[in-house]
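Below is one structure, written out as structure tokens; comments come after it.
The values are calculated or read from the model by the stated rules, or taken from the named source; none is laboratory data. Not measured: the values here are computed from a predicted model. Quick reminder, even Gly has a Cβ in these numbers, built from the backbone with ideal geometry, and neighbours come from all protein chains shown. Note: areas computed on protein heavy atoms with side chains; ligands, DNA, RNA excluded. Shrake-Rupley method; radii C 1.70, N 1.55, O 1.52, S 1.80 Å.
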Amino acid sequence: MIKYKTDKLFAVDTYLGNCEQRSTVEYLKRMIFPAEQAWKDIMASANAQYFPRGKNTVLECLQFGGNREFWDSFADNETIRRYFSECYRYAIDKIGFLHTHENIICATIITEQARRNLFVWYLPVTERWTSKVMSDNKSEQGNKLQRYDESGEPVYRSYCDIDHPRLNSSEFWKARGGLTSYSDLQEDFFSKISCKYGAVRGESKSLIKNTNAAQAKRFDRSEDDLYNEPPPFNDLPY
């Protein structure tokens, strides 16, 4: 996954311009305006909230590809295009705002001499997020401090607002339930899409120490095992 900050949006325009000159480019969704303007247009059309803090991620890109052996297994270019079209539909379902392409600024198949890729650029806009609940107490600098409950735990408030979604990469992925990491998304894509086209994926052998708490619970792992098969899960937040 590629992530972009506000001052790096021009990199999308530069990359696409270079590819159009030296490679074969086919758009599944074309970006008519420069990336910065396209980003602003989607923010406006989605009526999205954005609260910049430092150098936030404002644009992300999913990349679908494969090695030479994988592409050699396809009958022709039309079959490859159908595969990428299925990848794009998968992307819309997983990262699309309300399962639509509304937050996607561009999707393109780029064919070079040694590789093929589908790139899907999108804004991480979510209608579900959590925010800190602030107290009346203030720090020495005069900033409000977060409220804590009777057990000493920090207090958060959950929101769901389709009409005023929020641009926030961390909350975007939190809202996707089972997608606790990018590796989970890769496993899900392999089991639902690429394995049907003959793709081969190495088996994960991560020890419990390399597994976060949410994954360990969901995969039913313990301290004394090396690996357990992950059970089926529904990662849709709706």
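Side notes on the structure shown:
- Inter-label distance, residue 130 to residue 73: 4.0 nm, where each label sits 7 Å from its Cα along the C-beta direction.
- Per residue accessible area in Å² of the stretch 88-190, where ligands, DNA and RNA are left out and the probe is 1.4 Å: 52 Å²
- Lys pairs, the stretch 1-152 - Cα-Cα below 18 angstrom, 8 or more residues apart or on other chains: 11
- In the stretch 2-73, the ratio of gyration radius to Kirkwood radius, Rg to Rh, stands at 1.05 when only Cα atoms are counted.
- Alpha-carbon Rg with Dmax, taken over the stretch 93-189, Å: 18.8, 62
- Sparsely packed chymotrypsin sites (Phe, Trp or Tyr not before Pro) within the stretch 1-109, loop by DSSP, other Cβ within 10 Å at most 16: 50
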